[in-house]
Amino acid sequence: MNWKSKATLVSILAIGVLALVGTAIPLTDRPTFCAGCHTIAPAYETWAQSSHKDVTCVACHVRPGLQGWLSDKVASGVRDAAVYVFGTPPDAHNLQAKVDSGVCLGCHRHILRVSETAPRDLPSPVKEVGLIMGHRQHMEAFRVRGLSEGCTTCHAGVVHDGPIKGYPVVIPRGHVSADHQPWYPAHPEGSYLRARALNDCFRCHDGKTQYLNKTLDRRCETCHISEKISGALLFN
């Protein structure tokens, strides 16, 4: 084979690869493609009913930039596909996926500028129960702790979990077991997603954990405006 034949063959292969990549990228960016995996299908169904139903999977699960694309989409995608085809994929109730806080803040950065210690700035329904929760303060605490915590530490179920008692946006569970209508997740006992859904603010505010040499106690006044406490039941 002379050099012209080799060059022609290389050109044909390069064109073929480019055509394949050009077709594969937009195809695999579609949420319906992700839903083709039976393990992902339940997550797709909850996404389709969530407040983020107009945001694609890759918008949250793939960090922007070349490094994020290569790591989160190419490498993770190939690994997940290999496990799905040749291995044993995890049960749908034990899926663990990380969403980088930087991706969340790309749309929600305003939350770091809100004065959440002022009742006028509290959104519903936390206004009714007088919940005080400074996002900037918590993000800084997560950074200092260095345990890879972030937005999804509290908001992990905002897209891929059912609303708590019909409330349209899944927010941290709080201590709804104190309510007269206790809520429990639909995930089976012993599953990762059930344990995650049952996590609440007391995971840190347990009377033992310390931050900046101060113990995070469990007193109501730590998180709630005092005059709101006596008449407030979370998620009534």
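Overview of results
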item: Of all residues making up region 57-88, the number that are part of a loop (DSSP other than H, G, I, E, B), within 26 Å of VAL158 (Cα to Cα) and either assigned by TED's automatic domain parsing to the domain that holds LEU105 or not small (Gly, Ala, Ser) (or both); result: 3
item: Complete set of residues in region 155-165 that are part of a helix (DSSP H, G or I) and modelled with pLDDT of 85 or more; result: HIS155
item: Pick from region 94-141, criterion modelled with pLDDT of 85 or more and either in contact with a Phe, Trp or Tyr (Cβ under 7 Å, 6 or more places away or on another chain) or among the hydroxyl-bearing types (Ser, Thr, Tyr) (or both), ranking: surrounded by the most Cβ atoms within 10 Å (Cβ to Cβ); result: SER101
item: Selected residue (criterion: nearest to GLN137 (Cα to Cα)) from residues of region 205-227 that are surrounded by 13 or more Cβ atoms within 10 Å (Cβ to Cβ) and in contact (Cβ under 8 Å) with a residue 60 or more places away in the chain; result: TYR211
item: Region 57-69: number of residues that are surrounded by 13 or more Cβ atoms within 10 Å (Cβ to Cβ) and over 18 Å from THR32 (Cα atoms); result: 4
item: Residue that is modelled with the lowest pLDDT, among those in region 195-236 that are assigned to a loop (DSSP other than H, G, I, E, B) and acidic (Asp, Glu); result: ASP200
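The values are calculated or read from the model by the stated rules, or taken from the named source; none is laboratory data. Source: prediction; values computed, not measured. Cβ: placed from backbone, ideal geometry, glycine included. Neighbour counts: every protein chain shown.
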